[in-house]
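Report on the structure given below.
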Amino acid sequence: MPVYRNVRGVFSAVRSKLPEPDRPGRVLTAVEKLEGTSRLDPALGPLRRVVRALPLGGARDVLHGRWLGHPAHPLMVQIPIGAWMSAAVLDLLPGQRRGADTLVGLGLTAAAPAALAGWVDWAELRKPQMRVGLVHAATNITAVGLYAASLSARLRGRRGLGRALGFAGLTAVGIGGGLGGHLSYRQAAGANHAEQVPAVVEPGWHPIGDVADLPVGEPVRRHVGETPLLVVREVGGQVHALADRCSHMAGPLSQGEIVDGCVRCPWHGSTFRLSDGWNVRGPATAPQPAFETRVVDGRVEARLVADPAAAHRSARRSVPRSA
């Protein structure tokens, strides 16, 4: 009977954390409160300035994952997480001390670049995302501290303490991973915010306004159905059109700056080539959906580019390297 009561108590405790049919569970409720709290806000601005001031140069876009087409941080964290999970398994097996110690050290080594990539991404988020991200980072820093202490204890021959600290670190990693999942899938941090455009824009040509109403060299907003477009008319009369909501965080490109054949997002500085929507500079990791344009009887018409990859290749051959 005592065993039954203990099992029932554990089950009840776990069940209380899960969502119910008519309301969220305690975990989701707590994280949603974290999104809305202002207690962390005094730290957000100074930390953001520190991260943005890091002299990373071109490595910043590498850390964002522009070369990969999506954020690099989720890929990079697989090494420390995998190493530490494997170390935990070896800790449960006899005669695996050296392997477990090596994996703990490998995880600590790989955690540094993964954390740097995470901080670089974090500095370009909205405030509710930054709040969750800051706690995500804090739990992971705690995990790193626990694993560093675990490795120290192991090297000093205190195996029991080392294993206990390792399991504590793995628990912290799990909590951090849960918050990271909330950031990615609930708050859409790192997601492509222009991905839906090809799905909602009807095929064919669509009128977007009179060419005479488009100021030369200045970005304006027009619409194809419910989809907002950034439209720019060049001095020679050519008209460029891109999806207006930035793929990084849905910023309004029509309020951005036009420089050297590109538009710079006013929110976080992502830069896209007007001719084909290619993201020439991050933090955006995905290009903008681009539209072909034509002028018929003084009116501009646009249609979604059918083959973006071909358009990117063509634009790269014709645009100066400075773009």
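The values are calculated or read from the model by the stated rules, or taken from the named source; none is laboratory data. Since we're looking at a predicted model, the values are computed, not measured. Virtual Cβ from ideal backbone geometry, glycine too; neighbours counted across all protein chains shown. Side chains included, ligands, DNA and RNA excluded: accessible areas come from the protein's heavy atoms. Shrake-Rupley method; radii C 1.70, N 1.55, O 1.52, S 1.80 Å.
Results, tabulated for the structure shown:
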| quantity | calculated |
| --- | --- |
| Complete set of residues in the stretch 102-134 that are of a type in the set (Val, Ile, Thr) and crowded, with 17+ Cβ neighbours inside 10 Å | VAL104, VAL120, VAL132 |
| Residue list for the stretch 287-302, restricted to those being open to solvent by 40 Å² or more (accessible area, probe 1.4 Å), out of contact with any His (no Cβ under 8 Å at 6 or more places or on another chain) and in a loop (DSSP other than H, G, I, E, B) | ASP297 |
| Hits in the stretch 71-91 (condition: free of Cβ contacts under 8 Å to residues at least 12 places away in the same chain and among the hydroxyl-bearing types (Ser, Thr, Tyr)) | none |
| Among (1) closer than 29 Å to VAL280 by Cα; (2) buried (at least 18 other Cβ atoms within 10 Å of the Cβ) - the single one GLY57 does not satisfy | (2) |
| Selection status of ALA284, outside any helix (DSSP H, G or I), under 21 Å from ASN192 (Cα atoms) and modelled with pLDDT under 95 | no |
| Of all residues making up the stretch 65-92, the number that are among the hydrophobic types (A, V, I, L, M, F, W, C), out of contact with any Gly (no Cβ under 9 Å at 6 or more places or on another chain) and outside any helix (DSSP H, G or I) | 3 |
| Residue in the stretch 204-219 that is closer than 25 Å to PRO283 by Cα and surrounded by 14 or more Cβ atoms within 10 Å (Cβ to Cβ) present | yes |
| GLY225, sole failed condition from (1) more than 20 Å from THR271 (Cα to Cα); (2) in contact (Cβ under 8 Å) with a residue 40 or more places away in the chain | (2) |
| Members of the stretch 246-265 found to be under 18 Å from the mean Cα position of the chain (by Cα) and either open to solvent by 20 Å² or more (accessible area, probe 1.4 Å) or on the phi > 0 side of the Ramachandran plot (or both), listed by number | HIS248, ALA250 |
| Whichever residue in the stretch 232-248 is hydrophobic (A, V, I, L, M, F, W, C) and modelled with pLDDT of 95 or more and, among such residues, is farthest from PHE291 (Cα to Cα) | CYS246 |
